[in-house]
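The values are calculated or read from the model by the stated rules, or taken from the named source; none is laboratory data. All values derive from a computational prediction rather than experimental measurement. Heads up, the Cβs are rebuilt from the backbone with ideal geometry, glycines too, and the neighbour counts pull from every protein chain shown. The accessibility values were calculated without ligands, DNA or RNA, using every heavy atom of the protein model including side chains. Shrake-Rupley method; radii C 1.70, N 1.55, O 1.52, S 1.80 Å.
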Amino acid sequence: MNGYGLKIKINGEIVSNAGFDKENYVLTGGTTFVKRANCCEDYYFNIGGLDSDEDEHVDWYRTVVKVGDVITMEVIDGPFDPPNHRYKNDLSPEEIIQNKIDFYNKLKEELKGHISA
């Protein structure tokens, strides 16, 4: 069974055929541009995802991008390259819930002027 995947080309060169041969997965590809005053600049393209059956995050490719780079993504149905990196979330289920509660409380405080009870 083939799922959908992405053939990635950077400046005309194929860099990855990312995807999963399984039913349950998340696959993402995109560019990120971060520029903050007095801090940092980060411009990159990456493709990664989640092997939902194994509960593992995966990465196929990441690179710095610059003005003039041409990034092409084509939807494919395989064959796929294996991910270059796999890693699991080290948090326990209780820690994950606590992080979500903490984030909820932070947002609740941050947005209190915009939410009616």
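Does the stretch 39-62 hold any residues that are closer than 19 Å to Met73 by Cβ, without any contact (Cβ under 8 Å) to a residue 40 or more places away in the chain and not β-branched (Val, Ile, Thr), and which are they? Tyr43, Tyr44, Phe45, Asn46, Gly48, Gly49, Leu50, Asp59, Arg62, listed by residue number.
In the stretch 71-117, what residues are surrounded by 11 or more Cβ atoms within 10 Å (Cβ to Cβ), among the aliphatic types (A, V, I, L, M) and in contact (Cβ under 8 Å) with a residue 12 or more places away in the chain? The answer is Ile71, Met73, Ile76. Evaluate the stretch 63-70: report whether one residue or more is touching a residue at least 40 places away in the same chain (Cβ under 8 Å), touching a Leu at 6+ places or on another chain (Cβ under 9 Å) and within 26 Å of Asn89 (Cα to Cα). Checked the stretch 63-70: no residue is touching a residue at least 40 places away in the same chain (Cβ under 8 Å), touching a Leu at 6+ places or on another chain (Cβ under 9 Å) and within 26 Å of Asn89 (Cα to Cα).
Restricting attention to the stretch 1-38, the residues that are within 11 Å of Met73 (Cβ to Cβ), free of Cβ contacts under 8 Å to residues at least 40 places away in the same chain and either touching a His at 6+ places or on another chain (Cβ under 6 Å) or not hydrophobic (A, V, I, L, M, F, W, C) (or both) add up to 2. Just one of the listed residues (Tyr104, Tyr87) is closer than 16 Å to Thr28 by Cβ and either touching a Lys or Arg at 6+ places or on another chain (Cβ under 6 Å) or modelled with pLDDT of 85 or more (or both), namely Tyr87.
If you scan the stretch 20-58, which residues turn out to be assigned to a loop (DSSP other than H, G, I, E, B) and within 24 Å of Asp81 (Cα to Cα)?
Across the stretch 20-58, the qualifying residues are Phe20, Asp21, Lys22, Glu23, Asn24, Ser52, Asp53, Glu54, Asp55.
When we screen Asp59, Asp55, Asp51 for residues that are open to solvent by less than 40 Å² (accessible area, probe 1.4 Å) and touching a strand residue (DSSP E or B) at 6+ places or on another chain (Cβ under 7 Å), the only hit is Asp51. Here Lys66, Lys100, Lys9 are screened, and the one residue that is part of a loop (DSSP other than H, G, I, E, B) and at negative phi is Lys66.
Kindly indicate whether Ser16 is under 18 Å from the mean Cα position of the chain (by Cα) and open to solvent by less than 40 Å² (accessible area, probe 1.4 Å). The answer is yes for Ser16.
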